[in-house]
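Everything on this sheet refers to the single structure shown next.
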Amino acid sequence: MAQRKRRIRRGWSTQDVRELKALARQNVPAKSIGRKLKRTEGAVRQKAFSLGTSLNTKARSRAK
């Protein structure tokens, strides 16, 4: 049987959080933010939720 690749948890640095918030303000999708920060889409969504940052690009683009 093939062995699974073990994932290593990385903490969020202050720079990572700043970049997440900046990209969220620019209406960048969570999947793209994850690629840029080298994290999963789920990790990005979880962190944004815990920070109270919205990643809902449709709602923000309509509100403008």
Residue 40 passes all but one of the listed conditions (1) surrounded by 13 or more Cβ atoms within 10 Å (Cβ to Cβ); (2) modelled with pLDDT under 85; the exception is number (2)
At pLDDT 95 or above and within 13 Å of residue 57 (Cα to Cα): does that describe residue 32? yes
Subset of segment 43-59 that is surrounded by 14 or more Cβ atoms within 10 Å (Cβ to Cβ) and charged (D, E, K, R) - its residue that is farthest from residue 12 (Cα to Cα): 45
Would you check which residues across segment 18-37 are hydrophobic (A, V, I, L, M, F, W, C) and surrounded by 14 or more Cβ atoms within 10 Å (Cβ to Cβ) and list them? 20, 23, 24, 28, 30, 33, 37
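The values are calculated or read from the model by the stated rules, or taken from the named source; none is laboratory data. Since the model is a prediction, treat every value here as computed from it, not as a measurement. Methodologically, a virtual Cβ is constructed for each residue, glycine included, from the backbone with ideal geometry; neighbour enumeration extends over all protein chains shown.
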